[in-house]
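Report on the structure given below.
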Amino acid sequence: MIQAHNLQKRFGAVQAVRDLSFSAPDGKITGLLGSNGAGKTTTLRMICGVLQPDHGSVRIDKPVGALLDHIGLYPRLTARENLAYFGELRGIPRAQLSQRIDQVLSELGMEHIADRRTGGFSQGECMKTALARAILHSPQNLLLDEPGNGLDVPSVRALRGLLRQMRDSGMCIVLSSHILEEIRILCDHVAIVSAGRVVAQGSPEDLCRRTETESLEDAFIKLTQENLECSATL
Amino acid sequence: MFSHALIVARKEIRDHLRDTRSLVSSAFYALMGPLVVGMVSIAVHGAVHGEKSSAVLLSMASVFALVATFVAGMNVAMDAIAGERERRSLLPLLMNPLLRRDVVLGKWLAISLFAVAGVVINLAGFAIVVGLPFHLLIAVTLALIPLVLFASAVELLISTWSRNIKEAHTYLSLVIFLPMVIGMFFGILSAHGFDVALATRGRSAIADRSADQRRAIFAGFNTGAEHDHHSLRGARLAGQRKTFASR
């Protein structure tokens with residue numbers, strides 16, 4: 001369960017997030033949908049605690065794992081060593097650690113690259129390693145920033161399968177994306193972010209019904225346009 | 001309590017032992033001093049080492065040894081924070097439940113270990129070229145450890161200030177001038193110079209001790225200084241101070 005209340009964040013002259021509230025329930029995949037610069041990444045960073053909001057609060061009840069746009073792996077260490085380092089820092093007992101790493105590696109189908117140095121990895125392989133790192137400590141809440149970036153078609157499918165599986169086990173998953181298709185296929189709950197605000201939230205069908213549109217795309221355009229016009233008049 | 005710091009240090013060490021290029025360049029820096037001093041020595045005296053090594057050569061050696069304390073850990077320091085920031089791995093690292101103190105301590109420890117290794121290689125080189133006795137080698141290494149810790153801390157701080165490796169490199173290459181200045185100052189003030197300093201400062205116990213301490217560091221290089229009796233005394237003093245430095 002993740003709840004964000006009236007989050008605000010300003011970077012110099014840019015008001016990245018202005019009064020953003022949403023809640024993500026357990027056992028659901030919540031999507032933050034918004035155009036570039038809408039404040040998705042800033043919001044996720046505030047939720048996982050690396051950014052202090054100027055105003056507002058975040059409530060998280062259980063440990064959180066996050067895969068932000070900072071994938072950063074250590075290129076001279078193998079995928080397994082990268083995971084082991086973070087596992088040790090997370091305080092996973094050494095006896096369980098190697099077992100847990102093997103489990104995560106097989107879940108993500110990356111046994112064949114586990115003992116290669118990450119310096120030679122493709123973008124998708126880096127992404128998978130970073131995802132493995134984010135779920136290594138079996139968090140109950142998972143934040144993903146543009147998780148589909150750089151993944152090939154089979155990997156995206158595998159990722160979706162994995163996320164659904166985690167959702168069914170009762171996890172709370174929040175992912176941000178600017179790709180409508182991804183959100184539509186994957187998310188049970190959508191929060192549309194525009195200019196630092198959540199302009200609407202609900203299930204994809206719900207949003208279409210409310211805006212009297214056929215597709216999520218039309219709903220998105222309609223909702224964000226309204227908000228932008230509103231902001232312009234203010 | 002410091003288990004996280006040890007985890008960080010172990011990772012940094014393992015990571016950097018695999019960085020062959022950085023290791024080779026650090027080793028090259030460390031051995032450059034002995035090489036240069038050896039060549040100059042041949043040019044001046046026609047022989048590599050022995051009684052004839054002049055005070056100038058030995059003060060040169062002390063400059064190189066001081067520079068080695070700063071240079072040997074520099075690659076590691078550059079990568080430690082500025083590199084992590086550039087690679088975008090700093091944020092995921094700090095998202096772990098660990099104190100920033102432990103991150104800094106771990107990285108400091110790793111940088112210092114590489115710096116000590118560089119100093120040892122450097123001094124071993126001088127031991128061969130200038131004929132530094134083995135017990136002095138150990139004494140000087142131990143005496144340089146506080147300086148190594150200081151140098152590593154400064155480098156880590158600069159690495160933290162820098163936004164990327166390139167910037168860190170710019171600032172760190174300026175830092176090398178620091179040991180050069182210190183080295184030249186102390187190089188000119190050889191064992192003889194300290195005697196003068198002692199005489200003018202009076203014989204207070206503190207002055208005695210601090211001067212002797214410094215002499216233990218630098219007199220090691222004066223084993224073959226121009227006045228034979230002088231240098232012998234310096235060597236003996238440094239030998240006696242070995243126990244002091246290791247305490």
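The values are calculated or read from the model by the stated rules, or taken from the named source; none is laboratory data. As the structure is a prediction and not an experimental result, all values here were calculated from the model. Here Cβ is always computed from backbone atoms with ideal geometry, including for glycine, and neighbour counts include all displayed protein chains. Only protein heavy atoms, including side chains, enter the accessible area calculation; ligands, DNA and RNA are left aside. Shrake-Rupley method; radii C 1.70, N 1.55, O 1.52, S 1.80 Å.
Can you pull out the residues in region B:91-104 that are outside any loop (DSSP other than H, G, I, E, B) and more than 7 Å from every other protein chain (Cβ to nearest Cβ)?
B:Leu93, B:Arg100, B:Arg101, B:Asp102, B:Val103, B:Val104
Only one residue in B:Val76, B:Val104 is at pLDDT 90 or above and open to solvent by 20 Å² or more (accessible area, probe 1.4 Å). Which one? Reasoning before the result, please.
Details: B:Val76 fails: open to solvent by 20 Å² or more (accessible area, probe 1.4 Å).
The unique qualifying residue is B:Val104.
Exactly one of (1) more than 9 Å from chain B (Cβ to nearest Cβ); (2) of a type in the set (A, V, I, L, M); (3) more than 18 Å from the chain's Cα centre (by Cα) is unmet by A:Leu89. Its number?
In the conditions (1) more than 9 Å from chain B (Cβ to nearest Cβ); (2) of a type in the set (A, V, I, L, M); (3) more than 18 Å from the chain's Cα centre (by Cα), A:Leu89 misses (1) alone.
Return a yes/no flag: does region B:12-30 have any residue that is closer than 30 Å to A:Arg80 by Cβ, modelled with pLDDT of 80 or more, outside any helix (DSSP H, G or I) and within 14 Å of another protein chain (Cβ to nearest Cβ).
Taking region B:12-30 first, the residues closer than 30 Å to A:Arg80 by Cβ are B:12-27.
Then keep just the ones that are modelled with pLDDT of 80 or more; that gives B:12-27.
Still in the running and outside any helix (DSSP H, G or I): B:18-19.
Within this subset, residues satisfying the condition of being within 14 Å of another protein chain (Cβ to nearest Cβ) are B:18-19.
Scanning region B:12-30 turns up at least one residue that is closer than 30 Å to A:Arg80 by Cβ, modelled with pLDDT of 80 or more, outside any helix (DSSP H, G or I) and within 14 Å of another protein chain (Cβ to nearest Cβ).
I'd like the residue in region A:81-108 that is open to solvent by less than 30 Å² (accessible area, probe 1.4 Å) and small (Gly, Ala, Ser) and, out of all such residues, is nearest to B:Leu99 (Cα to Cα).
That would be A:Gly87.
If you scan region A:8-45, which residues turn out to be farther than 18 Å from A:Phe220 by Cα, in contact with a Ser or Thr (Cβ under 7 Å, 6 or more places away or on another chain) and among the aliphatic types (A, V, I, L, M)?
Passing the criteria: A:Ala16, A:Val17, A:Ala24, A:Leu44.
Filter region A:1-39 for residues that are at pLDDT 90 or above and among the basic types (Lys, Arg) and give the result.
Result: A:Lys9, A:Arg10, A:Lys28.
Give A:Glu217, A:Glu182 a once-over and let me know the one that is under 25 Å from A:Gln3 (Cα atoms), surrounded by fewer than 22 Cβ atoms within 10 Å (Cβ to Cβ) and of a type outside the set (A, V, I, L, M).
A:Glu182
Of the numbered conditions (1) open to solvent by 50 Å² or more (accessible area, probe 1.4 Å); (2) within 14 Å of the chain's Cα centre (by Cα), A:Ile173 fails exactly one; give the number of that condition.
Single failed check for A:Ile173: (1).
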